[in-house]
Structure formats: C-alpha cells, structure tokens
Amino acid sequence: MNNYFISGGDVKKLFGCSTTVATRAGGNVKFTIPGGIPGWPRSGLEAYGVLIICEHPTLGSIPSFLKIFKYDVPERSQRSQYLTLLGLHKQHPWLFQGIPYASFKRFSINGTPIVGHVARQVTGVGASVGEDIDRLRSQGKWNFSLDDKRRLCGHLCAAVAAFEKLQLVHGDISLRNLMIGKAPDGGVAAILCDYDGFYHPSQKLLPETFNGLPCRPLGTSGFQPPYILKRLANNQSGVYVDTDRFAMGAMVCDIMAWADGWSDELGREDLLGPDEYGTGKLSSIPYKVRSRCKEGFDLLEVALNAKDAGQLPSPQDWFQSVIGVSVSDQALPGLVKQFANKPFVEIHRRHGTQLIFQKSARITQSAGGLEQIDQRLKAVTYENDNGALKMNVGLPLQIFHRRGSKQVARNGPAPFFIQPGDTLYFESWQLDFSDRP
C-alpha cells in the first residue's frame, strides 16, 4: 500500500457495500456501510469517519464507527493493533467506547483498499449518535445542568486515571475529541475518541511529518501544557505529549465555565490564550467566568506553572477540587482482570440466614444465558470475549457487585464487568465467579 490514498469520492462509493473479515478467533465478521445518514461521512485532516454496522456471529449487530485514513503512515498499523489488543474497549460499559476494537492494515470494501480501524458507535442522549462538545455547542445543544457537568468531568478524570495505570497517554484531549454519550443509567457520559496520537513507551511515535504535512498530534490550542509550547518554540525535535493531566484540567474548567456569550466574555474562543500561557496567571480571564468553577481555576493556575508532567495536578486532585469528592487511586476505574481459563460460576440462593448452594458451571460459550444452568435465571445473560466477561442482569431491581472489600449497588437492568473473585447479589441470588484451571 505504498501508493495508498483515498478521497471523499471514494468513500461515498462505499455506501451500501459490505465485506466479511476473518477474526483472530477463527470466525467471520460482516461489516456494512449504510448510506443516506445525514451529516455523514465526516472529514478531518487525516481521515474520514463513517458509520457502519458490524454483524458479529455471537454478539449480533454492533453499531460502529469506521475511521478511514487518507494516507498509509507505516507506524500507524502497529499502533492501531496495540490499542486493539490492549482490550480497553471491553473493560467498562462505556468509558473506553472510543478505543478501536478492530484495526485493518489491508482491508477491502467493494474493491477499494482501506487503512483504518473500528470502534463502537457512541450512543447519544436523545439522539441516535453522540456528538463532540464542539459540535454540540455550535448547534446550540450544550445545555447541561451543573450536576451533569460535574458528572462529565468525573468521567474524564476517571479515564485519565485509568490510562495512567497503563502508562498510556491519549495525547489530544480537546473539545472535538470528547464525545457526549449515554451511560447505561440513561444519564450523560463523557467518552474520549481519536486515539491516533497516543503515547505509550512500548510503541513508536508517529513521525513528526508525513508527505510534507504534520502527522504527530501535539495537542490542541488551549489544551497544551506550557512546557510543550516552550519546547516547540525552541525548535526541539522529538517533542510529544507525555501526559494528559494539563489538557484534562483545562477541559474540566472549560466544561464547568462555558456559557452562551463565552467568546464575548473572553474576547476569544479558547479558554487559555497567550496572556495566560505567558504569565502563568488567570487574572486576565473575567471573574464572571472564573467564578463558575473557582476551585478548578485555582488548580489550573498551578498546572500553568508546572515545569514538567510530574508537577501537574493529578486526576485525584481534580476530583477533590471540582467534584468535591476525595477519591483514592484504588477507587478509580481501572482495568478489569481477565479470566485465564473459562470462567467458573457458583450459584447460591439465600433462605433467611442460610446460603444454600444451587449449581455450578463453567462458561464455555462466547455468549449465552444462565438459563442454561438454572431456568430461574433466564434474565441473566453473558458475553465472554477471550476472558473478558460481562454479565447482563436484565431485572429492574437493585443489584450488588462485590470486588474484594468494596461493594457497589446499581439499579438494573445493568451490565457488570466481572473479574475472578467477584460476586453479584440480587433478590435472593448470589453468583460467585472464579478462575479455575
């Protein structure tokens, strides 16, 4: 694919076409590109975005998003494969929905070669597809309550905290890369997308330029750490974004403080401008803007004066300052440990103070239901993707999920990502999961 290039006209010719791709597990997955969807495809500097449908042999129809790159940058294939094999898309009901679950080095639809990757489609609140913050604001649809804004900030901080456990850096947190979707409880959810410029110590960076054009993202104006800008101003080579902490903090303040008339208040569109970067002070931002998130702006001023990534406030600092909740590292969403063997489940039922064993079984299929083990559990289904186990409890009641010494209660129906040693409680039922050879 040395001469690979795809145009917008080529993309439109793919509408209504399908192709079948073999999976690593040996099955086949069918991808279809429907046409006639208003506003799609979309074009960016480096790629086109297309809505597609993935027909999985066991998981059924999965609404998805295909990113088709205009050029074939050699380093990109290995990097996309790394993100896919990392499996983060399976680790949470929605937080990592924007991370690709499939990547293609050589992929063809209707005879047209494609370089790209596929992620799950972000479902929006009151819309079929989620939108990024920038587009919502331009359409006059940014009208969230204070509690919803705090919730979105919490999701963003939780995602960055999880990335840090993996030494993973998104690299370009910005208004166009933070999608507003819908969580399983029906509320709003913040979901990062566009991971092309990510950093991880095990992966080669994208080249600084390709075909004479900038190729490696170095963040977005207003969300770049000051020390990155200084390195660029000094014409340093090999510059890359080594932390998400600054962009995360700037985004938190942006989410909390933005209002209609924002550009008139600031005299510009971006929250941070040359004055703030040059002085390390936020006093030039009108008090009316800063008062909407005073604690956040105080912390952002600390971030503006950080000399390197190690001096930047952490996700936990932002939780404490903006959301008002003290959160330990262990309490933040991390990674769900996968099963090395086929998951084993023991089913008990409580009668008064007695816990009575019912049945036990090994989950051997990629998808199914516990009805196969006990007919009374027909509302409980599962998806087991190579050791990543998700249990779906389809009951409108309170469900408890215990992991170690921590227990969380959620109102169902709800999905639960299970790791060895976890327990689910609902009604009189208790499900214990273990990893046995």
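Name every residue in segment 29-38 that is part of a strand (DSSP E or B) and at pLDDT below 90, in order of residue number. Outline the logic, then answer.
Our first condition is that a residue be part of a strand (DSSP E or B); within segment 29-38, this holds for 29-32.
Residue satisfying the conditions is 29 alone.
Would you mind finding the one in 296, 278, 310, 324 that is in the same structural domain as residue 248 (by TED's automatic domain parsing) and either modelled with pLDDT of 95 or more or crowded, with 16+ Cβ neighbours inside 10 Å (or both)?
Of the residues listed, the single one that is in the same structural domain as residue 248 (by TED's automatic domain parsing) and either modelled with pLDDT of 95 or more or crowded, with 16+ Cβ neighbours inside 10 Å (or both) is 296.
Would you confirm, using the coordinates I've provided, whether residue 191 is touching a residue at least 60 places away in the same chain (Cβ under 8 Å), buried (at least 24 other Cβ atoms within 10 Å of the Cβ) and out of contact with any Gly (no Cβ under 6 Å at 6 or more places or on another chain)?
Numbers: touching a residue at least 60 places away in the same chain (Cβ under 8 Å): yes; buried (at least 24 other Cβ atoms within 10 Å of the Cβ): yes; out of contact with any Gly (no Cβ under 6 Å at 6 or more places or on another chain): no.
Criteria not met by residue 191.
Being exposed (fewer than 15 other Cβ atoms within 10 Å of the Cβ) and of a type in the set (Gly, Ala, Ser) is the filter; apply it to segment 341-400 and report the residue that is farthest from residue 60 (Cα to Cα).
Applying the filter and picking the extreme gives 352.
Surrounded by 13 or more Cβ atoms within 10 Å (Cβ to Cβ), hydrophobic (A, V, I, L, M, F, W, C) and under 29 Å from residue 337 (Cβ atoms) - does that describe any residue in segment 9-32?
yes
Please go through segment 269-286 and pick out each residue that is under 15 Å from residue 223 (Cβ atoms) and either touching a residue at least 40 places away in the same chain (Cβ under 8 Å) or among the small types (Gly, Ala, Ser) (or both).
270, 271, 272, 273, 277
Could you tell me whether residue 253 is farther than 24 Å from residue 216 by Cβ, touching a residue at least 12 places away in the same chain (Cβ under 8 Å), out of contact with any Leu (no Cβ under 8 Å at 6 or more places or on another chain) and not in a loop (DSSP other than H, G, I, E, B)?
Spelling it out, it is not the case that residue 253 is farther than 24 Å from residue 216 by Cβ, touching a residue at least 12 places away in the same chain (Cβ under 8 Å), out of contact with any Leu (no Cβ under 8 Å at 6 or more places or on another chain) and not in a loop (DSSP other than H, G, I, E, B).
The values are calculated or read from the model by the stated rules, or taken from the named source; none is laboratory data. Keep in mind the model is a prediction, meaning the values are calculated, not measured. Cβ atoms come from the backbone with ideal geometry, glycine included; neighbour counts cover every protein chain shown.
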